[in-house]
Amino acid sequence: MEASTAAGAAPGAPSLGVARRRWGETVIKAALFLAALISILTTTGIVVSLLGRTIDFFGEVGIGHYLFGTKWSPLFEPASFGVLPLVSATFVITGVALIVAVPLGLGSAIYLSEYARPRTRRVIKPIIELLAGVPTIVFGFFALTFLTPELLKGLLNMKVDVFNGLAAGIVMGFMIVPTIASISEDSMSAVPQGLREGAFGLGASKLQVSLRVVFPAALSGIVASIVLGVSRAVGETMIVLVAAGQLANLTADVREPMATMTAFIGATAKGDIATGSIEYKTIFAVGTTLFLITLLMNAISIRFVRRYRQVYE
């Protein structure tokens, strides 16, 4: 009976057996694997290129003197290799940038996600994201030629040097606003509408829903956006090279010139020093330090995001 039923099946009926693997899926899978492999190989190549010269550097300079020294002057006599002034300036300017970028970025995200109409959102969000496309050298010259002389010195009557960390940090904050605003807005928009409706049903206001319901629910994405902004600020070169100066100064006074790790690398790696010299190797040592700092921040952010991530069905 079963045989006759199978034999009498319609010729065009779909087969219930295992489908034959399609060549297109195999090619796509291989291409995606290759893309992931290239990313891993690129990271490995960066580590290998930095590690060799860095090991040679620490063969001549003590790691304790490098990490805890307070004077950085590798290109002058007597040479000193304390990296603390560069690390301090990097985090001070990044801190100024965050003071500017976090309120503006999160405020923009909350407005676009919770208050703006769809048509307004479609207009405003691309305008904010346009800032991400402005070359950083333009931001640097804006800080040097307008922000410092016209606003800080002229309008606010502040006693700042021509090159200072404050102007560089403020402009850097505007640079990372699109990163924080865009990713945070995407995270808030992904929060289920049912949470908002439930809060409104309990009598919550629009502001209460935004800050006490939507914001905590999107916290993992918001933290990821801030950490991504911090990583970009720490790795920024042209703004600090143009606007902050190149004086390795261990200070928290943002009105003074400062030299960050990226500014030193950008100013030194111009071909003016002999390859293989200790001055040349400092570029790789500072680059390795910057790489490790960024890697540590990303590892902390990944752990935080995984811990507080909320999954909705």
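Condition first: surrounded by 19 or more Cβ atoms within 10 Å (Cβ to Cβ) and in contact with a Pro (Cβ under 6 Å, 6 or more places away or on another chain). Can you find one or more residues in region 96-103 that meet it? Checked region 96-103: no residue is surrounded by 19 or more Cβ atoms within 10 Å (Cβ to Cβ) and in contact with a Pro (Cβ under 6 Å, 6 or more places away or on another chain). If you go through region 158-172 and keep only what is part of a loop (DSSP other than H, G, I, E, B) and of a type in the set (A, V, I, L, M), you end up with MET158, VAL160, VAL162. Screening the candidates ALA259, ALA204 for the property of being outside any helix (DSSP H, G or I) and free of Cβ contacts under 8 Å to residues at least 60 places away in the same chain yields one hit, ALA204. Filtered by the rule that a residue be buried (at least 16 other Cβ atoms within 10 Å of the Cβ) and either of a type in the set (A, V, I, L, M, F, W, C) or in contact (Cβ under 8 Å) with a residue 60 or more places away in the chain (or both), region 72-90 gives TRP72, PRO74, PHE81, VAL83, LEU84, PRO85, LEU86, VAL87, SER88, ALA89, THR90. The residues of region 103-158 that are among the basic types (Lys, Arg) and touching a residue at least 60 places away in the same chain (Cβ under 8 Å) amount to a single one, LYS125. Here LEU131 meets each of (1) at pLDDT below 90; (2) under 19 Å from VAL100 (Cβ atoms); (3) surrounded by 18 or more Cβ atoms within 10 Å (Cβ to Cβ) with one exception, condition (3). Filtering VAL240, VAL230, VAL191 for residues that are buried (at least 20 other Cβ atoms within 10 Å of the Cβ), in a loop (DSSP other than H, G, I, E, B) and β-branched (Val, Ile, Thr) leaves a single hit, VAL191. Residue pairs, Cβ under 9 Å, 6 or more apart or interchain, first in region 169-190 and closer than 16 Å to VAL234 by Cβ, second among the acidic types (Asp, Glu) and crowded, with 24+ Cβ neighbours inside 10 Å. List them. Within 9 Å, the pairs are MET172/GLU236; MET175/GLU236; ILE176/GLU236.
Restricting attention to region 162-211, the residues that are under 15 Å from ALA109 (Cα atoms) and basic (Lys, Arg) add up to 1. With respect to (1) part of a helix (DSSP H, G or I); (2) under 23 Å from SER277 (Cβ atoms), the lone exception for PHE76 is condition (1).
Of all residues in region 99-155, those that are within 22 Å of VAL209 (Cβ to Cβ), hydrophobic (A, V, I, L, M, F, W, C) and assigned to a helix (DSSP H, G or I) total 7. Against the criterion of being under 29 Å from GLY62 (Cα atoms), touching a strand residue (DSSP E or B) at 6+ places or on another chain (Cβ under 9 Å) and assigned to a loop (DSSP other than H, G, I, E, B), ALA248 qualifies. When you scan region 167-179, do you find a residue that is under 30 Å from PRO74 (Cα atoms), of a type in the set (Ser, Thr, Tyr) and either at pLDDT 90 or above or surrounded by fewer than 24 Cβ atoms within 10 Å (Cβ to Cβ) (or both), even just one? Within region 167-179, not a single residue is under 30 Å from PRO74 (Cα atoms), of a type in the set (Ser, Thr, Tyr) and either at pLDDT 90 or above or surrounded by fewer than 24 Cβ atoms within 10 Å (Cβ to Cβ) (or both). Checked against the criterion of being under 30 Å from SER187 (Cβ atoms) and either at pLDDT 95 or above or out of contact with any Gly (no Cβ under 9 Å at 6 or more places or on another chain) (or both), the candidates GLY64, GLY8, GLY24, GLY107 yield just one match: GLY107.
The values are calculated or read from the model by the stated rules, or taken from the named source; none is laboratory data. Just so it is clear, the model here is predicted, and its values are computed rather than measured. In this analysis, Cβ positions are derived from the backbone assuming ideal geometry, glycine residues included, and neighbour counts consider all displayed protein chains.
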